[in-house]
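Trainee: Attaching a single structure in structure tokens format; questions to follow.
The values are calculated or read from the model by the stated rules, or taken from the named source; none is laboratory data. In this text the structure is predicted, and so the values were computed from the model without any measurement. FYI the Cβ positions are ideal-geometry reconstructions off the backbone, even for glycines, and counts take in every protein chain you see. Ligands, DNA and RNA are excluded from the accessible area calculation, which covers all protein heavy atoms including side chains. Shrake-Rupley method; radii C 1.70, N 1.55, O 1.52, S 1.80 Å.
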Amino acid sequence: MAAMAMQSALTVGFDLDMTLIDSRPGIKAAFEALSAATGVYVDADLATTRLGPPLAEELAHWFPAEDIPAISEVYRQEIYPVHAITGTFALPGAREAVEVIHSVGGMAVVVTAKYQANAERHLEHLGIAADAVVGDLWAEGKGAALIEYGATVYVGDHIGDVRGARTAGALSVAVATGPVSAAELRAAGADVVLADLTEFPEWFEGYLREAA
């Protein structure tokens, strides 16, 4: 009974970009469209190697600081929904990772630095059945949402995700599918490092057995 009670209350948080989804093709197309719309050169290939931090950090490489709020709105509201959603695909094991949590009555919550409406568009388009989505949070800022939802595990691909998990007192599970290597994730303090989400169900089942 104790194990069933624990499982029913279990909440696992996930990052989005390069954890659940490979958004590089879509984001590349969106940055190319932004460059065309503004007349400002943006190296879209380079930008897609730095996914994880907030949009404003990437835009700061290409636009004056005073222009970034307005450019961000154009990108998020007008360009991204048109150019980035259909070009993005689910990473291997993403749907299965969410499904295994649901199979024991748990909740899967996506906590991401991405604009929330666009995060929701990605999940709907790809059929990834998250129970809740919280956007516009990065690194330690993710901790507040993880605490709010009672997440005991947070899965991400970036050192910022490790920091977010630590802030919330959650177990940090890292996947080496993004711009940060497995060695760097371990050095940053990740509790568990997986090659990708195809390894998550087996790990998760072991985690439940140990917790029980």
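Trainee: Can you tell me which of 133-145, 32-44 comes out highest on packing, and rank the rest after it, using the mean Cβ neighbours within 10 Å?
Mentor: The packing order, highest mean first, is 133-145, 32-44.
Trainee: Give me the percent of the accessible area of region 155-212 that comes from carbon and sulfur atoms, probe 1.4 Å, all protein chains in place.
Mentor: Reported share for carbon and sulfur atoms: 47 percent.
Trainee: Suppose every Lys and Arg Cβ carries +1 and every Asp and Glu Cβ carries -1, with no other charges. What dipole size does the chain come out with about its Cα centre, to the nearest 20 debye? Display every interim value, and only then the final one.
Mentor: On the way: 12 positive and 29 negative charges, 44 e Å.
Charge dipole of the chain: 200 debye, to the nearest 20.
Trainee: Local charge sum around Gln116 (other residues, Cβ-Cβ under 11 Å, Lys/Arg +1, Asp/Glu -1)?
Mentor: Here the count lands on +1.
Trainee: Find the relative contact order for the chain and round it to a whole percent, using C-alpha pairs within less than 8 Å whose residues are 6+ positions apart.
Mentor: 25 percent.
Trainee: Where does the chain land at 222 nm, in deg cm²/dmol rounded to the nearest 500, when only DSSP H runs of n ≥ 4 count, each adding -39500 (n - 2.57), divided by all residues?
Mentor: -12500 deg cm²/dmol
Trainee: Rounded, prolate or oblate: which fits the chain when a ≥ b ≥ c are the square roots of the eigenvalues of the alpha-carbon gyration tensor, with rounded for a/c under 1.5 and prolate only if a/b beats b/c?
Mentor: On the way: a/c = 2.08, a/b = 1.90, b/c = 1.10.
Prolate.
Trainee: Could you work out the local net charge near Tyr80, counting Lys and Arg as +1, Asp and Glu as -1, over the other residues with Cβ closer than 15 Å to its Cβ? Let's see the in-between values first.
Mentor: Details: positive: Arg24, Lys28, Arg76, Lys114, Arg121; negative: Asp17, Glu32, Glu58, Glu73, Glu78, Glu120, Glu124, Asp136.
Here the count lands on -3.
Trainee: Please compute the modelled spin-label separation between Ser103 and Ala65, points set 7 Å along Cα→Cβ, answer in nm with one decimal.
Mentor: So the label points at Ala65 and Ser103 sit 5.1 nm apart.
Trainee: If you count only protein heavy atoms with a 1.4 Å probe, what accessible area per residue comes out for the chain, rounded to a whole Å²? Don't skip to the end; give the middle numbers.
Mentor: Numbers: 9190 Å² over 212 residues.
Computed with neighbouring chains in place, this is 43 Å² per residue.
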